[in-house]
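Take a look at the structure set out below.
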Amino acid sequence: MAPHALSSASWTTPTRLPSRRCRRASAARGRFAASPSPLVVAPRAGDYPAPDLDVPSNRNYQDAKALSAKLTRNVADVGASHAPKRVVVVGGGLAGLSCAKYLADAGHVPIVIERGDVLGGKVSAWRDDDGDWIETGLHIFFGAYPNMMNLFDELGIGDRLQWKEHAMTFAMRDFPGEFTKFNFPKGVPAPFNMAYAILSNDRMLSPAEKLRTGAPLVPMLLGGQDYIDAQDELSVQEWMRRNFMPERVREELFIAMGKALDFIDSDKLSMTVILTAMNRFINETHGSKTAFLDGNQPDRLCAPMAEHFVSRGGSVRLGAGMKKFLTTDDSVSVTGIELVSGEVVTGDHYVSAMPVDALKLLLPEPWKRAPFFAQLKELEGIPVINVHLWFDRKLRPYDGLVFSRSKLLSVYADMSECCAEYADAERSMLELVFAPCDERAGSDVNWIAKSDQDIVDATVAELRRLFPNEIKADGTGAKVVKHAVVKTPRSVYAAIPGRNKFRPSQRTPIENFTLAGDFTSQKFLGSMEGAVLSGKLAAEVIADQYAGRVGKPIKEVDARYR
C-alpha cells in the first residue's frame with residue numbers, strides 16, 4: 001500500500017474520550033456544566049512568583065538549557081549539505097511530543113502517530129458530558145524538573161504554571177483533620193532551606209529521629225548520583241534497616257513519598273527513587289517547590305508542543321493505531337509503520353515513544369530475541385487510579401498538594417483551589433491518586449478490578465478521616481454529587497529494586513530506530529520530567545547520527561541477557 005501522507009490539518013483536539021466513565025448523583029445533573037467563557041490565565045491571589053531557576057549553581061537546569069541549545073544549533077552546524085530527515089514518532093505522549101519538538105528544532109521533520117483521540121498519553125484529559133475535564137492523573141510540576149521548565153520557557157508558556165507556596169504538606173495520620181508543613185524559608189539557599197524545613201517541624205519526627213534520618217543521607221550528598229544508582233538493588237525498607245533508620249521515618253515520610261512517586265508501597269520500591277527525589281530537593285533551592293498547570297493538559301501544554309513542530313513542517317495524526325513495524329528481510333532496519341487501518345507510514349527514521357508494555361507487544365519477533373530488546377522483559381507498568389470527586393460545598397480550602405498518608409491515597413489536591421480553569425468559590429473538586437492498586441504494588445485488594453463505586457466508597461471513607469468536620473459518617477456533612485474514576489492498568493514502569501540496569505538507552509542496535517519514554521535510561525525515573533528528557537535525548541541521538549557526529553553509545557546490556 002502506498003505511504004499515507006500526514007498533514008497538520010489531520011490534527012485536532014477532541015472534547016471527549018468516550019471510553020472513560022463518569023458518574024454523578026442524578027439530582028446534581030447540569031450543576032457543573034462548563035462555562036463557555038474563555039480560560040482565565042491570570043494568576044490567582046494565592047499563587048506565588050515563579051522561582052528563578054536559571055542560575056549558574058543549578059547544574060541540572062544549565063545542562064538542560066545546553067542540550068536545547070545544541071539541538072537548535074544543529075541546523076546551522078550541519079548546513080545545507082544534509083537534507084532534513086522525515087522521522088516517524090509513534091506515541092503522542094510527553095515523550096513523543098518532546099522528541100518531535102526537538103527534532104523540529106534540529107531541522108528535521110517529525111510525524112507523530114497517536115492511537116488515541118487526544119494528545120498527552122499519561123497526561124491526557126477530556127471533557128465529560130457536562131463539560132468538566134477528566135484527567136488521567138494528578139500532575140504536579142516541580143522546580144527540580146529542569147527539562148520541563150526549559151520547555152515551558154522555550155514555548156513561551158511559562159505563565160501557565162501556577163506556583164504554590166514552598167512547603168510540603170502532610171495530613172496528620174494520628175490527628176484526624178490536622179495537617180503539618182515543612183516550610184522552606186524564602187531567600188535561604190539549598191541545602192540550608194531544607195535543613196530548616198525539617199528541623200523546624202516538630203510534629204512528625206522527634207529530634208533523635210531527625211538525627212538518625214539525616215546521618216544516612218550524608219553518603220548521598222558526598223557520593224552523588226553514583227551512590228544513588230548503587231542503591232537500586234535495595235528496597236526502601238532494606239536500605240533503612242541497613243542504615244539503622246527509625247521505622248517511624250518510613251511510616252511518616254517514605255510511604256507517602258514512595259506512593260506519590262511510583263504508586264508502590266515502600267517495601268517493594270527501589271531506594272533509588274526516594275534518593276533521587278531527595279537529592280534534587282536537598283541540592284536545588286527551588287527543587288521541591290510545586291506548580292499546577294492553569295488548565296487542562298491537552299490545551300495548555302500538549303497543544304503548544306504540537307503547534308511548535310507543526311509550524312516547522314511536522315504533522316500529527318490522531319486515531320492512528322499502530323499494527324506492526326515493517327522491516328527489511330534481515331530485520332536490521334525499519335521500512336515503515338503499518339497502522340491498524342492498513343495504511344503504511346514511511347520515513348527515514350523511526351522512534352517508539354510508546355509505553356514499555358505496548359512496545360514489547362509490537363516488537364518484531366527477531367528483535368525480541370536480541371539482548372538489547374530481551375531485557376525489556378524486566379520492565380512493566382504499574383497500575384494507578386485517578387479519582388475525581390465533586391462536592392456540594394467547599395471543604396476546608398488548601399491551595400496546594402497534600403500528602404495524605406492514607407493506606408489508599410498517596411496525594412491529593414483541591415483543584416477548585418489550585419487550578420484557574422477549575423476554580424470554584426462554592427464547591428470543591430478533589431483529585432486523588434489512589435495507590436497501590438494491586439498485589440504487585442503492595443495492595444491486598446485488586447482495586448483495578450473493582451467497580452468505580454467501590455473505589456469511590458473506599459476513597460470517601462478515607463476522606464472522612466482527613467476531613468472529619470466536613471465529610472461526616474452520619475451523612476450530614478459535605479456530599480459527593482459527581483465522581484469520575486480513571487484506571488490506568490499500566491502506568492509508569494514499576495521501579496522495584498534492580499530495574500535500572502535493564503532500562504535501555506535511547507539509541508538501539510537498529511540503525512534507524514530510536515527509543516523514547518520515561519522507562520528508558522535517564523536520571524529522572526518515571527515522571528513527566530523523565531518523559532520530556534527521554535524525548536529530548538532521542539532527538540539528540542537522531543540529530544547526531546544524521547549530522548555525522550559521534551553520539552552517545554548504546555547502553556551495555558546486563559550480563560544475564562548477553
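What's the total number of residues in the stretch 419-432 that are open to solvent by 10 Å² or more (accessible area, probe 1.4 Å) and not basic (Lys, Arg)?
Residues that pass the stated criteria total 8.
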Exercise. Report yes if some residue within the stretch 131-149 is hydrophobic (A, V, I, L, M, F, W, C) and more than 23 Å from the chain's Cα centre (by Cα); otherwise report no.
Key: no
Quiz prompt | Pick from the stretch 51-80, criterion not in a helix (DSSP H, G or I) and not hydrophobic (A, V, I, L, M, F, W, C), ranking: nearest to Leu161 (Cα to Cα) | solution = Pro51
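Yes/no matrix, rows are residues, columns are (1) touching a residue at least 60 places away in the same chain (Cβ under 8 Å); (2) touching a Ser or Thr at 6+ places or on another chain (Cβ under 6 Å); (3) under 26 Å from Leu138 (Cβ atoms):
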{"site": "Met322", "(1), (2), (3)": "yes, no, no"}
{"site": "Asp330", "(1), (2), (3)": "no, no, no"}
{"site": "Leu362", "(1), (2), (3)": "no, no, no"}
{"site": "Leu376", "(1), (2), (3)": "yes, no, no"}
{"site": "Val384", "(1), (2), (3)": "yes, yes, yes"}
Practice problem: Taking the options Ser416, Ser406, name whichever one is among the small types (Gly, Ala, Ser), buried (at least 19 other Cβ atoms within 10 Å of the Cβ) and either part of a loop (DSSP other than H, G, I, E, B) or assigned by the TED database to the domain that holds Glu252 (or both). | Solution: Ser406
Quiz item: Restricting the search to the stretch 528-562, which residues are at negative phi and part of a loop (DSSP other than H, G, I, E, B)?
Solution: Arg549, Val550, Gly551, Lys552, Pro553, Ile554, Lys555, Glu556, Val557, Asp558, Arg562
Quiz item: So how many residues does the stretch 269-291 have that are basic (Lys, Arg) and either modelled with pLDDT of 95 or more or under 15 Å from Ala256 (Cβ atoms) (or both)?
Solution: 1
Exercise. Return the total of residues in the stretch 259-287 being outside any loop (DSSP other than H, G, I, E, B) and under 29 Å from Ser57 (Cβ atoms).
Key: 17
Quiz item: Among the residues of the stretch 288-319, which ones are over 14 Å from Gly121 (Cβ atoms), of a type outside the set (Ser, Thr, Tyr) and part of a strand (DSSP E or B)?
Solution: Ala291, Phe292, Leu293, Arg317
Quiz item: What is the residue count in the stretch 519-542 for residues that are charged (D, E, K, R) and open to solvent by 10 Å² or more (accessible area, probe 1.4 Å)?
Solution: 2
Quiz item: When the residues of the stretch 155-176 are filtered to those that are open to solvent by 20 Å² or more (accessible area, probe 1.4 Å) and over 26 Å from the mean Cα position of the chain (by Cα), which remaining residue is nearest to Met278 (Cα to Cα)?
Solution: Arg173
Exercise. Could you grab me the full set of residues in the stretch 113-139 that are in contact with a Ser or Thr (Cβ under 9 Å, 6 or more places away or on another chain) and of a type in the set (Lys, Arg)?
Key: Lys122, Arg127
Practice problem: Inspect the stretch 226-236 for any residue being surrounded by fewer than 17 Cβ atoms within 10 Å (Cβ to Cβ), touching a residue at least 24 places away in the same chain (Cβ under 8 Å), in a helix (DSSP H, G or I) and not hydroxyl-bearing (Ser, Thr, Tyr) and give the result as yes or no. | Solution: yes
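The values are calculated or read from the model by the stated rules, or taken from the named source; none is laboratory data. From a predicted model like this one, the values you see are computed outputs, not experimental measurements. Cβ coordinates were reconstructed from backbone atoms using ideal geometry, including for glycine residues, and neighbour counts include every protein chain displayed. In case anyone asks, the SASA skips ligands and DNA or RNA and just uses the protein heavy atoms, side chains included. Shrake-Rupley method; radii C 1.70, N 1.55, O 1.52, S 1.80 Å.
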